[in-house]
1. Quickly run through the stretch 160-191 and pick out the residues that are of a type in the set (Gly, Ala, Ser) and in contact (Cβ under 8 Å) with a residue 24 or more places away in the chain.
2. Which condition number does Leu183 fail, the rest of (1) of a type in the set (A, V, I, L, M, F, W, C); (2) more than 18 Å from the chain's Cα centre (by Cα); (3) at pLDDT 95 or above being met?
3. Looking at (1) under 12 Å from the mean Cα position of the chain (by Cα); (2) farther than 21 Å from Ile92 by Cα; (3) of a type in the set (S, T, N, Q), can you tell me which one Asn178 breaks?
4. Could you list, in sequence order, the residues of the stretch 83-140 that are among the acidic types (Asp, Glu), in contact (Cβ under 8 Å) with a residue 12 or more places away in the chain and farther than 14 Å from Thr73 by Cβ?
5. For the stretch 204-239, what are the residues that are exposed (fewer than 10 other Cβ atoms within 10 Å of the Cβ) and at pLDDT 95 or above?
6. Report, by residue number, each residue of the stretch 88-115 that is in a helix (DSSP H, G or I), of a type outside the set (Phe, Trp, Tyr) and buried (at least 20 other Cβ atoms within 10 Å of the Cβ).
7. When residues of the stretch 187-200 are filtered for being modelled with pLDDT under 90 and within 27 Å of Leu165 (Cα to Cα), how many remain?
8. Within the stretch 60-83, how many residues turn out to be loosely packed, with under 14 Cβ neighbours inside 10 Å and assigned to a helix (DSSP H, G or I)?
Amino acid sequence: MAGQFFSVFELAFRIVMSVTPPGAIIDLPRHNPISSFLYANVPTRYWKLYHLFAGHRSHRLTMLRKLIFSPETLTLPRPLPTPRALREDETIVWERYEGIDELRYIKRFRSHDKPIHSVYRMCEFICVDEHNQLMIETDYFLARTNWLLEQIADPDEDDPERRALLAATIESLVDAFNEKHDLGVARKDVVVPRQACPKWVGEVPALDRFLDLVREEEEIFESSIARTDPFTLRNIRAHSAHIFNF
């Protein structure tokens, strides 16, 4: 069954990783004719697969098994942590999304990924103030030209704080993408129509209990923009401006 999903190059990487002792660093010398050929001709996604297993040796068999048989469990691992749990323990998000930088390039992950899963990941990155991953995830979403925010169905999220975060994030994405659209920025050289929010997003109310996702020693300065921010309007304090910085 593995041969159904993996190319020759992917299988070769699996073999290399299976015989490499823990802690060993593999770097193909580029002056070698064979290595030079591989660097020049092997698609980026295969190198990302190689680096995924090279950098995560302790879990590579588990990750490989999931990538083959249940890739959807990598796009949005269950169960979902609460926003406050993520705020209290930032390591949770890295345990959940180990190797995410490489996974975004791997076809099997991408083909089973969903727009709402990407938005969930953004929410989790916002909860832990991970600015860089938030920008990368936003850019990843923008590059998926068949993903339209307006078509994201209501996930029927039963946690009020997660639901408010999802709604605020989608509203911010609509503003960010439309800003890029007005500036003439294309998605993978494809001009797409302006974005709009799904109907259910506008029906998500503000939280009764204030949700603070900013560290105590940090400060967010008030401004007229901040007061109309989707997060602020839903009684959430968060570093969400990086959605616009992709």
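The values are calculated or read from the model by the stated rules, or taken from the named source; none is laboratory data. Computed from a predicted structure; not experimentally measured. Cβ sites come from the backbone with ideal geometry, for glycine too, and all protein chains shown count toward neighbours.
1. If the condition is that a residue be of a type in the set (Gly, Ala, Ser) and in contact (Cβ under 8 Å) with a residue 24 or more places away in the chain, then Ala164, Ala167, Ala168, Ser172, Ala176 are the ones that fit.
2. In the conditions (1) of a type in the set (A, V, I, L, M, F, W, C); (2) more than 18 Å from the chain's Cα centre (by Cα); (3) at pLDDT 95 or above, Leu183 misses (3) alone.
3. The number of the failed condition is (1).
4. Within the stretch 83-140, Glu90, Asp101, Glu102, Glu124, Asp129, Glu130, Glu137, Asp139 qualify.
5. Listed by number, the residues that qualify are Asp208, Arg209, Phe210.
6. Ile100, Glu102, Leu103
7. Of the residues in that region, 4 qualify.
8. Within the stretch 60-83, residues that are loosely packed, with under 14 Cβ neighbours inside 10 Å and assigned to a helix (DSSP H, G or I) number 5.
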